[in-house]
Amino acid sequence: MFEVSSVRLAASNAEAILLLDNHRFDCIFVDNMMSEKNGLDLTRHIRGSEEQPNQKSAIILCTAFTGLKSIIQARDAGVTEILAKPVSPDQIMEKLGNALFSQRNFIDTDVYAGPDRRRRMRGAFSTNERRKENPAPSTEEADKNEDGVPQDQKRA
């Protein structure tokens, strides 16, 4: 069904780091509730070093914690996709497909390394073109209410 040629399992964070330091993987599944450290710690380790052969590999986090705070933490750690538990084969295929075949640009800065956190592009034009289409109001226009009357003038 998945047509995966090779799967490697690690029982601990230390074992996973050993595998990751010595092999290149197309996709890495991490569990948020690993034995001594969580999946976000492992993700930060992978993303945090340019010498890490898997720094730019897709990372799918398996987690039961799907609240907004948890999702933001995962995104900021550099996770590519989030797979909510309990998982199904269809969900695995969807996330794997997104991670491998709909790749976002990889961002590597002093404060973040991982896939571009923006999921949707808002049209087929550049930021400058978008701004020309809908220019920001001048300060004077912004100070007027919806009827075009300046905010500081009272209506009779």
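With respect to the conditions (1) surrounded by fewer than 18 Cβ atoms within 10 Å (Cβ to Cβ); (2) closer than 20 Å to I82 by Cβ, R24 falls short on a single one, namely (2). The residue of the range 27-69 that is surrounded by the most Cβ atoms within 10 Å (Cβ to Cβ), among those that are more than 13 Å from G114 (Cα to Cα) and without any contact (Cβ under 8 Å) to a residue 24 or more places away in the chain, is N38. If we scan the range 1-14, do we find a residue that is on the phi < 0 side of the Ramachandran plot and among the acidic types (D, E)? Within the range 1-14, not a single residue is on the phi < 0 side of the Ramachandran plot and among the acidic types (D, E).
Residues in the range 4-33 that are touching a Leu at 6+ places or on another chain (Cβ under 7 Å) and over 18 Å from A58 (Cβ atoms): N13 alone.
Listed residues I72, I17; which is within 19 Å of A99 (Cα to Cα), hydrophobic (A, V, I, L, M, F, W, C), out of contact with any strand residue (DSSP E or B) (no Cβ under 9 Å at 6 or more places or on another chain) and at pLDDT below 95?
That would be I72, the only listed residue that is within 19 Å of A99 (Cα to Cα), hydrophobic (A, V, I, L, M, F, W, C), out of contact with any strand residue (DSSP E or B) (no Cβ under 9 Å at 6 or more places or on another chain) and at pLDDT below 95.
Here L19 meets the list (1) in contact (Cβ under 8 Å) with a residue 12 or more places away in the chain; (2) surrounded by fewer than 18 Cβ atoms within 10 Å (Cβ to Cβ) almost entirely, failing just condition (1). Cβ-Cβ distances below 8 Å connect the following pairs, each with a first residue in the range 101-129 that is over 19 Å from A77 (Cα atoms) and among the charged types (D, E, K, R), a second residue that is surrounded by 10 or more Cβ atoms within 10 Å (Cβ to Cβ) and at pLDDT below 90, and a separation of six or more residues or different chains: R122/R130.
Can you find a residue in the range 52-62 that is polar (S, T, N, Q), within 19 Å of R24 (Cβ to Cβ) and touching a Lys or Arg at 6+ places or on another chain (Cβ under 7 Å)? Yes; the residues of the range 52-62 include at least one that is polar (S, T, N, Q), within 19 Å of R24 (Cβ to Cβ) and touching a Lys or Arg at 6+ places or on another chain (Cβ under 7 Å).
Can you confirm whether V79 is of a type in the set (A, V, I, L, M, F, W, C), within 22 Å of N54 (Cα to Cα) and modelled with pLDDT of 90 or more?
yes
The residue that is nearest to N98 (Cα to Cα), among those in the range 20-31 that are of a type outside the set (V, I, T) and within 15 Å of the chain's Cα centre (by Cα), is C27.
The values are calculated or read from the model by the stated rules, or taken from the named source; none is laboratory data. Every value quoted in this text rests on a predicted model; they were computed, and no experiment measured them. Counting neighbours? That spans all protein chains shown, and the Cβs are built from the backbone with ideal geometry, glycine included.
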